[in-house]
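Let me begin by presenting the structure, written as structure tokens, before commenting on it.
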Amino acid sequence: MKRNLRLWGCYAFIQKATKDFLCVQTLAQAPAHPGPGLAIGVIMFLMPLAMSHTAHARQQHQAADRVAGSGDTSRTMKDTLLLEEVQINAGYYTVKDRERTGSIGRVDGKTIARQPVGNPLAALHGQVPGVEVTQQSGVPGGNVVLRIRGQNSMLNGNDPLYIIDGVPLSAAQNPLNQLNNAAGEGAISNIGAGISPLSLLNPADIQSIEVLKDADATAIYGSRGANGVILITTKKGVEERLAVNAGFRTGLSTPARSMDMLSGPQYLTMRKEAFANDGIEPSSTNAPDLMLWDTTRYTDFKDLLIGQGARYNDAQLSISGGSARSSYLISGSYHDESTVFDAEVAHRRYGLHSQATLRNGANNLRVNSSFTVSSASNALPVRDLTRYIKTSPFLRLYNDDGSLAWENGGIPYRNLGLQNANPLAFRNQEYDATQLNIIGQNTVSYLLTQELSVLVNTGFNVVRNDEHSRNPSTSIDAFSSTRPSASFSNSRTVGWMVEPQVNYHVQRPWGELSALLGATWQHQGMESTSNNGSNYSSDLLLGSLSAAGNISARNNANEYRYQGTYARLNVNVRRRYIFNITGRRDGSSRFGPENRFANFAAAGAAWLISEEAFLRQVPWISLVKLRGSFGVTGNDQIGDYQYVDRWTPGYSSYVGLSTLLPAALYNPSYNWERNRKLDVALEGRLLNESIGVSVNYFRNVSDNQLMLYTLPIQTGFASILRNMPATVINKGWEVQINYDLPVRSGFRWSSAVNLSIPRNTLADFPDQASSSYRSRFVVGKSLSTDLRYRYLGVDPGSGMYHYVDADGDGEYTVADAVFPASRDTYLFGGFSNTVSYRQFELGITFDFKKQDGYNYMYGMGSTIPGYRYSNQPVIVLQRWQQPGDIAPVQKFTTVTGEVYRRGTLLNSSDAVISDASFIRCRNVSLAYSFPATLTQRAGISGLRLMVQGQNLFTVTGYKGADPENQDLYVLPPLKTFVLGIEITI
Amino acid sequence: MKNSIKISLWSAVSAMLMSCESFVDINPSPQMMESKDVFTTGRTAEAAVDGVYAFMRTSSPSLLNGALSIYCGLAADELQVSSENELYSPFYHNALQSGNSTVSYQLWDVPYQTIYRCNSILEQLDMSASLPAGIKHTLAGEMKLVRALHYMYLANLFGKVPLVLNTDYETNAKLGGSAIDEVRQQVIRDLREASNLLPEAYRGVGKIRPNKWAALALLARAYIYAGEYTDAQVVASAVIDANEYGLVADLQDVFGINSAETIWEIAPPNNTGNTAEAGALLPPGAGAAPAVLPTPSLVAVFDADDRRMRWFSSQEAIGQNEAYINKYRYQTYDATMEYLVVCRLAEQYLIRAESRIQSRDLEGARADINVIRLRAGIDTLTTLDETLLMEALREERRRELIAEWGHRWFDLIRWGMADDVLGAAKPGWKATAALFPIPYEQLLYNPYLTQNAGY
């Protein structure tokens, strides 16, 4: 009875929180308002304290050593070492780690929970061998790029398949937003920039993330398994008693690494020297910044634009419990982050997650159901203000009356070619978005006989996004004839799936046999509308679409359907020899009627050598296993309707009449891309399971690549979707070592290190010389390799950059760009340690990467130092000044002459590529758990305080801002520092 | 019992798996129309053609949407920058580089995207069995004209350019540049065919889609670029003698919508905004100079009593530069007062005058020049000296066609005067600057393209 009452209390609270956040959601349309969100955080934090009294009676039953990991009752690091027990989720089935034939990595919820990140993918840095994680931008909600075992496709479609509790995440690869915002500005590589759908997940709700890598594990996902599969499993209630867990964290973030820009006097020196070099006298026509602007003014734009500390708040509350035949979990969460651009809250997320498992008395009927709702609001600037830290330090920002300045000395900034010259205008632009993500899943399984069971898995996923952006008159260049404008857009993606399955399992004296046969039907529909209103008469009306003087509208809808039948046969002979065969036949609506269906399959085997007589008696060996697999998977990451020769309605009308535009070049005959994967591994665990070692070799061959093939624009379009005859090979080694020091007098140390050595090769590319890619790719090298000018540094005589004149014609032409240069990752991995002593626990994770990447010179190839009105990083002061100077930067110039040209060649040369290796202290977390004797006196079963830091420091010789996103003018990943408290009742 | 359950289950599952392969058939998107459906009715075929006009004016300023007036004016001796800036200065100093993004996008990408649309529509019209011949011919004529206009200026700007006349991307991706003469002959062929296909009446309201006279007016222009003066004279005469158009007395009204003088105008997309030229040439606000100003030497060629001085306006606050060009008068988004004028009658008189000088019909030439001078309110010519008339013609073209379709730039080049005139006027002039650079990226994507000399 008491328990029920408590449950009711929790329920009422959740209801209230839900109601509150629904209100806040509408409030969020108005300018950011931190009040209610914070209030919820505080309520959620205080709630368990209030409830602690009712919980008093049961406190003795709480295990004193229970780790208060946000209700995480899952396995801890130590558990993963006890491979025998660990069940690995392989998607359609689970497998004992000891007996698995495939390559599957696993990260547990605790590892994720101790990292203060907004996007759960950002917590995977250096955790799983073969999984390369790159955070593109430090803007909240921004995308995190994940590559499993390298880049398979030459250009497009390298994202893994994301599955949450069996439900594929709708449009996981596509950014959520339709309107521009700061998260949309990716780094130079610009992969999938935008608000990531995964930022809608609450990392604390995650029980584990499994990464399926090889053919054995992914072939059952058939056409979508080519780039690997990420299985995200949410938490489940496992305990029979009621447990309430609450946590609150708060902290601050700043950009991890950036470069300093020239100060006012330094900028003045640069500009004057540039004029002197060109022999040109500065005048008000060619140098208004020197002649008309106040050169004693100095604005540190880096500090002004990205110097704010970003706040971080996170609150979690979960209730779990159950009885002999049922278990449940309900958790609520609140998360907010502000940006370094502005102190106002930028990203808020409210989440509610519930899960229940039921079974009948005969234990032959099981129901598992989970439901996750999250709502996020983003109030971001329209642009990433990091772009504008190169604004001239003399730029006048305000007029005398306090309004934003758009001219100085009578010359409008726009006449100087400076678009959006006054970066403060972006503060007046507003963008906000509200996203709603619902994932529901239900599994019913029924054991027909001891050997035969049926299962039906159903799921749905709804993602909604409503966006509104406003450009009021205060954000518009006073010298443009543009009037205030506003955009309104919304999109809705609805996906559902049904997956019936039959499982057969027999145990015989010779071993075991399991078979699985299943089917899947999936549907995804997307609808979106986007309206742009312009010519508003007043800023006050920007919330109204009908107040716009002119409206242009567009909508879109598409449908994606997918069906597959899959099967698995697993034979385990004498617990020693294991064979696993999986297959799948898939159909996808993304292909033309003739090419719709394709078959995929894989076979894997494992030999538990330690079970053989000759090893069984060796006491220090617990396990030696050799496993391998080979198979074929596919990829259908292309748009819908691409095989139709189609026209689309034009965005603009012609004198009021509708128009039609051709949508794309027409190619009806493209078909499935195939990826052949080979995997071999040796695994061992020694010394009473305290040391675990795994060495893995893989080789993936991808051909018949489906991609947007670049064409010269004279064909009418920049690309065509087609299959490419080229072959790409990804191969490499993955090593993982775990070490667990036996517990001695309260001291515990466990450590894990992993290392991946990937190698990516373009093995074959027929007819490359006459294709559009003759200088983009090099056969025998990696996909990041292109042909460039060979940089020779600054010529001490002329003071200009010089390059190798390959054809010796005395000029730098396309024919001289013949030197291959790569931006490869040569090695990456992670190193984590957990040390606990009595009440203290310290976790430290490093990740490292040996790679080549773009350096600061990339920015100088497009913004020539000294030329016009842009500031430069301080490093340009090491420029050439007089004959004989040995300098890394060429002489300054103000004209588009030879010096300028040599500068622009930088971007096409190998000068912009250099070592970008780093070791990053990704996470440090220190926690103190109050002794049980103390907490019991306070009426609670656990109380823990913690300090966590993310991206704390980076050891690197990188020449540039941040070696991870490699772009001076895109916000780098943030350094975050939080304090937290957790209470368990 | 157990077995029968098993058997029935397996068979049920198997049946389920084998069935419904049609599950993956999907509904068409409401945002698309299959090509074959577009060209079955006149209305949708017209929408495809109107889409080309809207697209031509979407990117601003692009090749046929003001870029020639502004960038070629800067490259010649007509216009100058009021402050050095990254967009205009490379044109003004004749210091373009092959990586220039404006050249690449506005002067190359947008034109070729438009040409694809023309080619695609022409092919589809050809295949369509259900469209009535009348509308089919009109639309085909319009698209041939638009295609020709693009090639006329691509050849003028870049010299050897790929001549793409269909939608076969496999072969088109590997086309190198065609000789200038070949491109110009194609332009003439297309415009000739267009003039035969197009009716005298405009399709729809106003003059916003080309008619027969527009085809002939542009054909006359194409002939003088090709140096075929005899044909130019015939064609220009046809346009003038049609008596459909007249010179507008008030020079401020020449470019107004539906003015008597204009032969073809293109409306802005969504009917908002005015011309791209006005955006660059008019002051952006009170007390501020426009980004692009007339050169002092241009202002100096006008007599004080020339009524075309109304195409200039002075603003004291601008300072050292007294005048700005006010030929295109509106840059507001509040109302559309002017469309992009592709061709107008005055140019036809000047084309005919030049052609008549070439064929030594000096009296006829003088009469044509005097038509323009009369309207401008300046003294009519009395001389019949060929050299003097040619000089007068050149001056008249310079005055009449300021900041219009790059006439001055292309005239200097075709008259062989670029090196003399621009060499004297501009310190950094090089003979190779007469052709713009082929965009660097396109050279990478297409090994058959060759860069122009000097880049």
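Calculate the dipole size of the range B:193-346 relative to its Cα centre from +1 charges on Lys and Arg beta carbons and -1 charges on Asp and Glu beta carbons; express the result in debye to the nearest 20.
In debye, rounded to 20, the range B:193-346 gives about 300.
Expressed as a whole number of Å, what is the distance separating the alpha-carbon centroids of the range B:368-382 and the range B:390-448?
A separation of 27 Å, based on Cα centres.
What are the trypsin sites (Lys or Arg not before Pro) within the range A:801-893 that DSSP puts in a loop, where the Cβ has at most 12 other Cβ atoms within 10 Å?
Here the sparse-neighbourhood loop sites are A:838.
Can you list the lysines whose alpha carbon is less than 22 Å from that of residue A:891, not counting same-chain residues fewer than 8 positions off?
A:272, A:390, A:959
Counting Lys and Arg as +1 and Asp and Glu as -1, each charge on the Cβ, what is the dipole of the range A:726-806 about the Cα centre in debye, to the nearest 20?
Details: 9 positive and 7 negative charges, 55 e Å.
Computed about the Cα centre, the dipole is about 260 debye.
At most 14 other Cβ atoms within 10 Å and a DSSP loop assignment: could you name the trypsin sites (Lys or Arg not before Pro) in the range A:225-284 that fit?
A:241
Whole-Hz ³J(HN,Hα) for each residue in the range B:130-140, computed from phi via Karplus 6.51 cos²θ - 1.76 cosθ + 1.60 with θ = phi - 60°, x for glycine and proline: what do you get?
Each residue's phi maps through the Karplus curve to give 9, 6, x, 4, x, 5, 4, 5, 4, 5, 5 Hz.
Using the Cα centre of the protein assembly as shown as origin and beta-carbon charges of +1 (Lys, Arg) and -1 (Asp, Glu), tell me which of B:346, B:454, B:226 is placed farthest towards the positive end of the dipole.
Going by the Cα projections, it comes out as B:454.
Amide H of residue B:295 versus every other amide H placed in the peptide plane: which residues, excluding those fewer than 5 positions away on the same chain, fall under 5 Å?
Placed amide hydrogens put B:79, B:80 under 5 Å from residue B:295.
Given the C-alpha centroids of the range A:475-498 and the range A:844-891, what is the distance between them in whole angstrom?
The two parts, judged by their Cα centres, are 36 Å apart.
Rounding to the nearest 10 and keeping the result within 0 to 90°, find how far the Cα-based axis of helix A:2-27 lies from the longest principal axis of chain A.
Once rounded, the angle reads 20 degrees.
What does the structure give for A:658-670 when I average, per residue, the other chain Cβ atoms found within 10 Å of the residue Cβ?
5
Show me the ranking of peptides A:673-685, B:49-61 by mean Cβ neighbours inside 10 Å, starting with the highest. List each step's numbers first, then the result.
Values: A:673-685: 20.9, B:49-61: 23.3.
My ranking of the peptides, most packed first, is B:49-61, A:673-685.
Mind listing which trypsin sites (Lys or Arg not before Pro) in the range B:323-427 are in a DSSP loop and have 13 or fewer other Cβ atoms within 10 Å? Write out the running numbers ahead of the final one.
Working: sites: B:327, B:329, B:344, B:352, B:356, B:360, B:366, B:373, B:375, B:394, B:397, B:398, B:399, B:408, B:414; in loops: B:327, B:329, B:360.
Here the trypsin sites (Lys or Arg not before Pro) that fit, given the DSSP loop and packing criteria, are B:360.
Order these by the 10 Å Cβ neighbour count, fewest first: A:828, A:597, A:248.
Details: A:828 24, A:597 16, A:248 21.
Arranged by neighbour count, lowest to highest, A:828, A:597, A:248 become A:597, A:248, A:828.
Report the relative contact order of the range B:55-169, percent, no decimals, based on alpha-carbon pairs under 8 angstrom and at least 6 residues apart.
Answer for the range B:55-169 is 24 percent.
Send over the Kirkwood Rh of the protein assembly as shown, from the inverse of the averaged 1/r over different Cα pairs, rounded to one decimal Å. Spell out each step's value before the answer.
Numbers: mean 1/r = 0.0284 Å⁻¹.
Here the Kirkwood hydrodynamic radius works out to 35.2 Å.
Can you work out D for the range A:638-770 in µm² s⁻¹ from Stokes-Einstein, where Rh is the Kirkwood radius over C-alpha pairs, the temperature is 4 °C and the viscosity is 1.567 mPa s? If you can, show how the numbers build up before the last one.
On the way: Rh = 20.0 Å.
After rounding, the answer is 65 µm²/s.
Please state the shape class of the range B:12-135: rounded when a/c is under 1.5, otherwise prolate if a/b exceeds b/c and oblate if not, all from the C-alpha gyration tensor.
oblate
Along the three principal axes, how long is chain B when you take its alpha carbons, biggest first, rounded to the nearest angstrom?
Principal axes ranked by extent give 116, 48, 45 Å for the Cα atoms.
Report the relative contact order of chain A, percent, no decimals, based on alpha-carbon pairs under 8 angstrom and at least 6 residues apart. If you can, show how the numbers build up before the last one.
Numbers: 2720 pairs, mean separation 130.4, N = 985.
Rounded, it is 13 percent for chain A.
If neighbour count is taken as other Cβ atoms inside 10 Å, put B:137, B:150 in order from fewest to most.
B:137, B:150
Could you give me the ³J(HN,Hα) list for the range B:107-114, computed from phi with Karplus coefficients 6.51, -1.76, 1.60 and θ = phi - 60°, whole Hz, x at Gly and Pro?
Running phi through 6.51 cos²θ - 1.76 cosθ + 1.60 with θ = phi - 60° gives 9, 10, 4, 4, x, 5, 5, 5 Hz.
Mind putting a number on the dipole of the protein assembly as shown about its Cα centre? Charges go on the C-beta only, +1 for Lys and Arg and -1 for Asp and Glu, and I need it in Debye to the nearest 20.
Charge dipole of the protein assembly as shown: 6420 debye, to the nearest 20.
Cβ under 13 Å from residue B:37's Cβ, residue B:37 left aside: what net charge do those residues give with Lys, Arg +1 and Asp, Glu -1?
After counting each charged neighbour, the total is +1.
Would you work out the relative contact order for chain B, in percent, from Cα pairs under 8 angstrom that are 6 or more residues apart? Write out the running numbers ahead of the final one.
Details: 726 pairs, mean separation 89.0, N = 455.
It comes to 20 percent, rounded to a whole number.
Around residue A:709, which amide H atoms from residues at least 5 apart in sequence, or from another chain, sit under 5 Å from its own amide H, with H modelled in the peptide plane?
A:720, A:721, A:722
If each residue's Cβ is checked for other Cβ atoms within 10 Å, how do A:482, A:458, A:984 rank with the fewest at the top?
So the residues, fewest neighbours to most, are A:482, A:458, A:984.
Can you figure out the FRET efficiency of residue A:690 with residue A:934, using R₀ = 51 Å and their beta-carbon distance, to the nearest 0.05? It would help to have the intermediate numbers written out before the result.
Numbers: r = 32 Å, r/R0 = 0.63.
In this case the efficiency is close to 0.95.
Residue by residue through the range B:326-342, which ³J(HN,Hα) values in whole Hz follow from phi under the Karplus form 6.51 cos²θ - 1.76 cosθ + 1.60 (θ = phi - 60°), with glycine and proline marked x?
My calculation for the range B:326-342 gives 10, 5, 9, 9, 10, 10, 6, 8, 6, 8, 9, 10, 9, 9, 6, 9, 7 Hz in order.
Given the C-alpha centroids of the range A:219-283 and the range B:119-162, what is the distance between them in whole angstrom?
Cα centroid to Cα centroid, the span is 49 Å.
Please give the net charge around residue A:286, taking every other residue with its beta carbon less than 13 angstrom from that of residue A:286, where Lys and Arg add +1 and Asp and Glu add -1.
-2
Each value in this text was obtained by applying a stated rule to the coordinates, not by laboratory testing. Nothing here was measured: the structure is a model prediction, and the numbers come from that model. Note: ideal-geometry Cβ built from the backbone for every residue, glycine included; neighbour counts use all protein chains shown.
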